């Protein structure tokens, strides 16, 4: 105990000597699963930011996707290892609150990204708004349809926040356009195979479908396969800006994809955690503006996530905030 | 097991199958009244094509369930086989290599399951549950959150091609129905599988090589998962690590709705086809009638319970008459 205190004192002395610009801080990054490319992008964003800021990032991912008990025990492990800061995505925004409180009690500063935690204290929140992304992407489709036509919505996991908000955004954009008729809104649980089958079924009862609004890219691409299989054409949009979706946009199959930009969220979260440790100014909250990826602006997304680099802090966040 | 016993089982089996067919027809009639789009040739082909994938996984699983075993790893096996076959397809561009890789992966995993159950004598539930996680882990590690997509048109024919106006997966479904029916009903090995499920001790005492037959059914189940993985790839044109997960419960449900018993010895491949059809019809019907997302799980559950419940009641009455 005494030694630990001495070491902390020494560390403080070094900090003071180098003008609060210590480097090589350890940051633990928590993501939800190993299966969704979105979280892979978050992790790569965090890695890229780590390189830029000269910090060490350790990734924590539940082996069972989105497992609440597993993330909870990972938090306990991490508290023992004592990283300098934590970048945190709760696997469940309500159920992980006790975990966040444990981190708070341990006195490790944490930055919340992607899904806003219902409880606990954070240095900052970085996220994107599903509703505004859904709205912006759906408006893009409505414009491409010339403000008229028949559309269907393919929903994600019923009852999930992301799906509800995205679908609400879709519905709002459809309401704004009196010429656009919503034929059906059916769930496919963010699954490609289910989206394919749902689309095949909807095509049976609707001879004319002009537009498809899918709550993620995998479902949009599944719906496209169904349309291709039936030799029918419709304008399709998805959400997430995945590499596969960008390829489909490039080849003209997919109209657009609303970008949730996991990479940038990973960058920003890690940068804020590092800047906070170095006593540099950080905003309390960053909400990334919705970006709709289409034929006109896909180039930056065409680069594989592995070879992207985080933008410089100054270019995203105006100084003096 | 004497001949009379088998014959009796065959006749009650046929009756049970008949009742299940009635459930399918009843759902069909109800849907054709409710929606004009239901009873059209294109929708019938649509439903059959959708049922094909589920049937292919569930048919292999049926053999395992007949022996009173369970293969919880079928869907995870499909996922891994799809990922491995996808990268083989991408690397070589040869559909033949892709197909062989997918099947080999499925068969290999199935054989490993068989060894766990026979050589190590692990309970099938535990052996295949463990295998499920091993396979998920391998898939996640292998794919690292990426997606492999875009296969050659030649390969894609397996899933999205047509022959005289009928989708290829439907042919696959009926070919494997025929093979499965012949294997289980008309071969000694098939009958031995029923005998093992009905009474493993009696089966062993009557000279049936129980361990070897078990090894066979797990391997076949794995092989069918590998085949289903290829149909999946060819239809969806893409592979992700987690594609298998949502298929496990429907596959088990298709077997059980189709009349297979987890206690073994009871069930047929044709029953499993009917089980797959019922599950597919429910989704088709809900989409055609635009049932709200919030009600879909409830409706699915209610129809499964009603379908199997009616079937059980009628079957019990039929058995009491005997």
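Listed values, structure above:
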item	result
So residue B:250, is it within 14 Å of chain A (Cβ to nearest Cβ), surrounded by fewer than 22 Cβ atoms within 10 Å (Cβ to Cβ) and free of Cβ contacts under 8 Å to residues at least 12 places away in the same chain	no
Some residue of region A:154-166 being in contact with a strand residue (DSSP E or B) (Cβ under 6 Å, 6 or more places away or on another chain), at pLDDT 95 or above, within 14 Å of chain B (Cβ to nearest Cβ) and outside any helix (DSSP H, G or I)	yes
Residue A:268 vs. criteria in contact (Cβ under 8 Å) with a residue 24 or more places away in the chain, more than 14 Å from every other protein chain (Cβ to nearest Cβ), in a helix (DSSP H, G or I) and in contact with a helix residue (DSSP H, G or I) (Cβ under 9 Å, 6 or more places away or on another chain)	yes
Residue identified as touching a strand residue (DSSP E or B) at 6+ places or on another chain (Cβ under 9 Å) and either over 17 Å from residue A:301 (Cβ atoms) or assigned by TED's automatic domain parsing to the domain that holds residue A:139 (or both) among A:273, A:230	A:273
Which numbered condition residue A:249 misses (of (1) within 14 Å of chain B (Cβ to nearest Cβ); (2) part of a helix (DSSP H, G or I); (3) touching a helix residue (DSSP H, G or I) at 6+ places or on another chain (Cβ under 8 Å))	(3)
Restricting region B:116-132 to residues that are in a helix (DSSP H, G or I) and out of contact with any helix residue (DSSP H, G or I) (no Cβ under 8 Å at 6 or more places or on another chain), the residue that is surrounded by the most Cβ atoms within 10 Å (Cβ to Cβ)	B:129
Considering residues of region A:202-217 that are free of Cβ contacts under 8 Å to residues at least 40 places away in the same chain and surrounded by fewer than 24 Cβ atoms within 10 Å (Cβ to Cβ) only, the residue farthest from the other protein chains (Cβ to nearest Cβ)	A:207
Residue in region A:180-201 that is surrounded by fewer than 22 Cβ atoms within 10 Å (Cβ to Cβ), over 23 Å from the mean Cα position of the chain (by Cα) and in a loop (DSSP other than H, G, I, E, B) present	no
Lone qualifier among B:271, B:223, B:265, B:259 - being more than 28 Å from residue A:190 (Cβ to Cβ), part of a helix (DSSP H, G or I) and either modelled with pLDDT under 95 or within 14 Å of another protein chain (Cβ to nearest Cβ) (or both)	B:271
Matching option when the condition is within 26 Å of residue B:271 (Cα to Cα), touching a helix residue (DSSP H, G or I) at 6+ places or on another chain (Cβ under 7 Å) and assigned to a helix (DSSP H, G or I), among B:70, B:53	B:53
Some residue of region A:18-41 being touching a strand residue (DSSP E or B) at 6+ places or on another chain (Cβ under 9 Å) and assigned to a helix (DSSP H, G or I)	no
In region A:118-142, residue surrounded by the fewest Cβ atoms within 10 Å (Cβ to Cβ) [restricted to those that are in contact with a strand residue (DSSP E or B) (Cβ under 7 Å, 6 or more places away or on another chain) and part of a loop (DSSP other than H, G, I, E, B)]	A:129
Evaluation of residue A:92 against (1) touching a residue at least 40 places away in the same chain (Cβ under 8 Å); (2) under 23 Å from residue A:162 (Cβ atoms) (one fails), failing number	(1)
So residue B:314, is it surrounded by fewer than 24 Cβ atoms within 10 Å (Cβ to Cβ), within 22 Å of residue A:204 (Cα to Cα) and more than 10 Å from chain A (Cβ to nearest Cβ)	no
Unique residue being within 14 Å of chain B (Cβ to nearest Cβ) and not in a strand (DSSP E or B) when the list is A:232, A:275	A:232
Residue match in region B:154-175 (condition: part of a helix (DSSP H, G or I), more than 24 Å from the chain's Cα centre (by Cα), more than 11 Å from every other protein chain (Cβ to nearest Cβ) and within 26 Å of residue A:251 (Cα to Cα))	yes
Any hit, region B:234-244, residues being within 14 Å of another protein chain (Cβ to nearest Cβ), surrounded by fewer than 23 Cβ atoms within 10 Å (Cβ to Cβ) and either without any contact (Cβ under 8 Å) to a residue 12 or more places away in the chain or not in a loop (DSSP other than H, G, I, E, B) (or both)	yes
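The values are calculated or read from the model by the stated rules, or taken from the named source; none is laboratory data. Everything quoted here is computed from the prediction, not taken from an experiment. All Cβ positions, glycine included, derive from the backbone under ideal geometry; neighbour counts span all protein chains shown.
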